[in-house]
1. Could you please find all residues in the range 189-211 being over 24 Å from the mean Cα position of the chain (by Cα) and part of a helix (DSSP H, G or I)?
2. Check every one of the helices (runs of 4 or more DSSP H) wholly within the range 4-112 and list those with 2 or more residues that are out of contact with any His (no Cβ under 8 Å at 6 or more places or on another chain) and within 20 Å of Ser123 (Cα to Cα).
3. Scan the range 112-139 for residues that are within 18 Å of Ile93 (Cα to Cα) and small (Gly, Ala, Ser) and jot them down.
4. Go through the residues of the range 63-72 one by one and say whether even a single one is assigned by TED's automatic domain parsing to the domain that holds Thr117, surrounded by 11 or more Cβ atoms within 10 Å (Cβ to Cβ), under 19 Å from the mean Cα position of the chain (by Cα) and aliphatic (A, V, I, L, M).
5. Would you mind stating whether Cys21 is within 27 Å of Leu208 (Cα to Cα) and surrounded by fewer than 17 Cβ atoms within 10 Å (Cβ to Cβ)?
6. Given the criteria exposed (fewer than 12 other Cβ atoms within 10 Å of the Cβ) and touching a residue at least 60 places away in the same chain (Cβ under 8 Å), does Leu84 qualify?
Amino acid sequence: MKNYYNDTYIPKIVRTGKLTCWIGVLIVFLPALIVTFGFHVMPERAPFMVALVAQLSINAVWWFIEPISFFPVLGIPGTYMAFLSGNIGNLRIPCAAAALKATGTEVGSDEGSIISTIGVGASVFVNVVMLIIGVVVGSQIIAALPASITSSFSFLLPALFGAVFAQFAIDDVKSGVVAMTLGVLCMTLYKAGMFNWLPIDPFVVNILVPIFGTMLFAKFTYKPKAEDEASVE
């Protein structure tokens, strides 16, 4: 089974994932290509470069942060599916984490990769169904709700991230404490303007330092289960 996973399953996933992602890229840029080459509508170079630099300075860092930070939970198949379907942080990651927790599967293992893929796949189908329902009746229901309820919707995403963080922090309390400490420290320094000298959006420090700092801490403090059992004996 191990050989099948590494020699057959993953190579097929990589080939299919690359193909579907490139198709997704083509579909995303298709309207712009049609407008540019079909209707010959071209933006002026100076405003285009200004807009491009502004977008890259804000979003380019996420091209590196998100794959690195999400991959351990999603695995290879789940990563392809999540980045193609979107809503990674607020939907795919929680669903994958819930699937791992429900099955008691280790994060980062081959089994965990398969379970995460099932969780992400299920979330995609449920997401489509709920999106259709939301488009049809959701706006009417939300419009009928009092302002005291709709104003609380802004807390949904922080609450979701907090729940996912707590779920993983329980399994590794030390890493959880380090992540929380780094996050609070960076946010405090950010609000004090300590990162304003950076040539990019200084807010990215609040993402980079806690993520990579916690990863380094976990790497240097991790002990394989065999060593843990030997130390107990």
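1. Leu189, Lys191
2. Numbers: elements: 10-33, 45-59, 62-85, 93-103.
Hits in the range 4-112: 10-33, 62-85, 93-103.
3. Gly112, Ser113, Ser116, Gly119, Gly121, Ala122, Ser123, listed by residue number.
4. yes
5. Details: within 27 Å of Leu208 (Cα to Cα): yes; surrounded by fewer than 17 Cβ atoms within 10 Å (Cβ to Cβ): yes.
Spelling it out, Cys21 is indeed within 27 Å of Leu208 (Cα to Cα) and surrounded by fewer than 17 Cβ atoms within 10 Å (Cβ to Cβ).
6. Working: exposed (fewer than 12 other Cβ atoms within 10 Å of the Cβ): no; touching a residue at least 60 places away in the same chain (Cβ under 8 Å): yes.
It is false that Leu84 is exposed (fewer than 12 other Cβ atoms within 10 Å of the Cβ) and touching a residue at least 60 places away in the same chain (Cβ under 8 Å).
The values are calculated or read from the model by the stated rules, or taken from the named source; none is laboratory data. All of these numbers come straight from a predicted model, not from anything done at the bench. Counting neighbours? That spans all protein chains shown, and the Cβs are built from the backbone with ideal geometry, glycine included.
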